[in-house]
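Below is one structure, written out as structure tokens; comments come after it.
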Amino acid sequence: MGVKVVEQPAERAWIDFTPTSRVSFVTTGGAGMPEFFEDRSHRGDGPPLHRHPWPTWEIVVSGAIRVQIDGASHRVSAGGAIYTPPGAAHSYVVESDEAHLIGVAMSDGRFHRLQSGAPPLFAAEGGPDMAAVAVLAASCDVEVLGPPLEVSE
């Protein structure tokens, strides 16, 4: 069959994206296969404003985030769901102390490649190497459009 039908949490590896943000993939995608992922982040964490040609769906399991999709800003708390259409400019920032999200992407494995390759770029001395992040992102069909969102007080 080639696809695991059951996977326990302890079987998954975590990618420490930043010191306070980590992601784990239940499935890493591929041609026509979804990427199921879990994200655990802390206050202030979130990706730069970006867009990509695939859709994503996320459910906030705990905590609260502010998401921006094509210029519209929404606060989403535990139990809330987010759909990001292909090509939409989007970002989010964790506004609670911590947030736990579960998501699905249909990127043919590109999202997993991006998440796997980015941690050293965000850990660069002096802060994230955003030029290198943009190059990596472009290789995965992601366009970086601007900085991450900031927590609103």
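The values are calculated or read from the model by the stated rules, or taken from the named source; none is laboratory data. The structure displayed is predicted, hence computed values, not measured ones. Cβ: placed from backbone, ideal geometry, glycine included. Neighbour counts: every protein chain shown.
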- Message: For segment 93-115, give me each residue that is more than 11 Å from the chain's Cα centre (by Cα) and of a type in the set (S, T, N, Q).
- Response: S96, S107
- Message: Can you tell me which residue is farthest from S21 (Cα to Cα) among those in segment 122-153 that are without any contact (Cβ under 8 Å) to a residue 24 or more places away in the chain and part of a loop (DSSP other than H, G, I, E, B)?
- Response: E153
- Query: Can you tell me which residues in segment 101-114 are more than 14 Å from G46 (Cβ to Cβ), touching a residue at least 40 places away in the same chain (Cβ under 8 Å) and not acidic (D, E)?
  - Reply: I102, V104, A105, M106, S107, G109, R110, F111, H112
- Message: I'd like to verify a number: residues in segment 26-50 that are on the phi < 0 side of the Ramachandran plot, in contact with a Ser or Thr (Cβ under 9 Å, 6 or more places away or on another chain), part of a strand (DSSP E or B) and not aliphatic (A, V, I, L, M), how many?
- Response: 12
- Message: Is it the case, given these coordinates, that R66 is crowded, with 17+ Cβ neighbours inside 10 Å and assigned to a strand (DSSP E or B)?
- Response: yes
- Query: Looking only at residues in segment 135-147 that are buried (at least 17 other Cβ atoms within 10 Å of the Cβ) and touching a strand residue (DSSP E or B) at 6+ places or on another chain (Cβ under 7 Å), which one is nearest to P86 (Cα to Cα)?
  - Reply: V142
- Selected residue (criterion: nearest to S21 (Cα to Cα)) from residues of segment 77-121 that are among the aromatic types (F, W, Y) and crowded, with 18+ Cβ neighbours inside 10 Å: Y92
- Positions within segment 54-92 being acidic (D, E) and farther than 19 Å from F36 by Cβ, in sequence order: D70
- Task: Determine which member of the set V23, V60 is modelled with pLDDT of 95 or more, part of a strand (DSSP E or B) and buried (at least 19 other Cβ atoms within 10 Å of the Cβ).
- Result: V60
